[in-house]
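Here the structure comes first, spelled out in structure tokens, and everything after it is commentary.
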Amino acid sequence: MKYCRFEIDGQAHYGLVEAVAGAEQITRLLLRPPEEVGGDMEDLPSKRMDHVAFGEARLLAPVRPSKIVCVGRNYREHAAELAHEVPVEPLLFFKPPSSLLAPGGEIRRPKLSNRVDYEGELGVVIGKKCYKLGAEEDVRPYILGYTCLNDVTARDLQNKDNQWARAKGFDTFCPVGPLVTDELDPWAGVGVGTRVNGEVRQEGNTHDFIFSLHFILRYIAQVMTLVPGDLIATGTPKGVGPLAGGDVIEVSVEGVGTLRNQVIDE
């Protein structure tokens, strides 16, 4: 099942996304936020609507998390390209919900930074409350679905500060979308890539994670309660680089689609 969040007549709605005659369409209005159904999106109540071509809809960020928990350096080659050691346990940081940006929204390159980088990632949306999971417990029942995420980073501020809240936390620094789906299996290997102005910059695969999703979710849940709607950013492959005003960034996750945003200078 795939869903998005979109705007009609100034109102935000969740919509079911289905293939109709070979093209993705928003086919039904979902009457409850998907994260309220405990991880089983098939139980969502819905009603009919006039179909809207997915590519023509005014999309919003498909998630409304209480927190965005990110995993740093979860690909060995990315750690190497930044001259960092490979972590021996997950390196966690937060992005504030105020950093969320819709598909098609503009990433603002702040005057405070001289280098702003893209970081394409797989995003994981939590579907059920979880805390202190068992050492062998399967985390998949706690996952609602998956999406594309761009962990935009002020690299110079990240290198300057002792912690990353400022470098990762600017408004517009967390584009997410275009939809959420439960129809993929990161354990089986899912491609993650980024293009800037049409040029391929990142090509990775979830097979290359240092820490698996099982390990990541259990690790986070030992510290904090994850609640429905929370968003986990799972790390970026090698190939990160700087952005300039006017650049168009496309983050793609196999089975999800493409998240497209443009950069503007403040």
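The values are calculated or read from the model by the stated rules, or taken from the named source; none is laboratory data. Please read all numbers here as calculations on a predicted model, not as lab measurements. Here the Cβ is made from the backbone with ideal geometry for all residues, glycine too, and neighbour counts use every protein chain on show. Calculation scope for accessible area: heavy atoms of the full protein, side chains included, ligands and nucleic acids excluded. Shrake-Rupley method; radii C 1.70, N 1.55, O 1.52, S 1.80 Å.
Residue count for the range 248-266 under the criterion of being crowded, with 16+ Cβ neighbours inside 10 Å and assigned to a strand (DSSP E or B): the result is 10.
Could you grab me the full set of residues in the range 131-151 that are in a loop (DSSP other than H, G, I, E, B) and touching a Cys at 6+ places or on another chain (Cβ under 7 Å)? Within the range 131-151, Asp151 is the sole residue that qualifies.
Being closer than 19 Å to Cys174 by Cβ and open to solvent by 30 Å² or more (accessible area, probe 1.4 Å) is the filter here, so list the residues in the range 59-84 that pass it. Answer for the range 59-84, where residues must be closer than 19 Å to Cys174 by Cβ and open to solvent by 30 Å² or more (accessible area, probe 1.4 Å): Leu60, Arg64, Ser66, Lys67, Arg73. When the residues of the range 95-138 are filtered to those that are within 26 Å of Pro178 (Cβ to Cβ) and of a type in the set (Ser, Thr, Tyr), the one that is surrounded by the fewest Cβ atoms within 10 Å (Cβ to Cβ) is Ser98. Residues of the range 177-223 that are more than 17 Å from the chain's Cα centre (by Cα) and of a type in the set (Lys, Arg): Arg201, Arg218. Counting only residues that are touching a strand residue (DSSP E or B) at 6+ places or on another chain (Cβ under 9 Å), free of Cβ contacts under 8 Å to residues at least 60 places away in the same chain, open to solvent by 10 Å² or more (accessible area, probe 1.4 Å) and not in a strand (DSSP E or B), the range 161-211 holds 4 of them.
Selection over the range 24-58 of residues that are over 23 Å from Val124 (Cβ atoms), out of contact with any Gly (no Cβ under 8 Å at 6 or more places or on another chain) and either among the hydrophobic types (A, V, I, L, M, F, W, C) or assigned to a strand (DSSP E or B) (or both) gives a count of 8. Contact map, the range 73-89: first residue under 12 Å from Ile210 (Cβ atoms), second residue part of a loop (DSSP other than H, G, I, E, B) and aromatic (Phe, Trp, Tyr), Cβ cut-off under 8 Å, separation 6 or more or different chains; pairs are Asn74/Phe211; Glu89/Phe211. Within the range 6-19, residues that are hydroxyl-bearing (Ser, Thr, Tyr) sit with their Cβ atoms under 8 Å from residues that are part of a strand (DSSP E or B) and surrounded by fewer than 17 Cβ atoms within 10 Å (Cβ to Cβ), at 6+ positions apart or across chains, in these pairs: Tyr14/Leu29.
Does Ala21 fit the bill of being farther than 30 Å from Lys238 by Cβ, open to solvent by 60 Å² or more (accessible area, probe 1.4 Å) and of a type outside the set (Lys, Arg)? Yes; evaluated as a whole, the condition is true for this residue. Checking the range 85-94 against the condition returns a match, with at least one residue being under 20 Å from Leu149 (Cα atoms) and crowded, with 19+ Cβ neighbours inside 10 Å.
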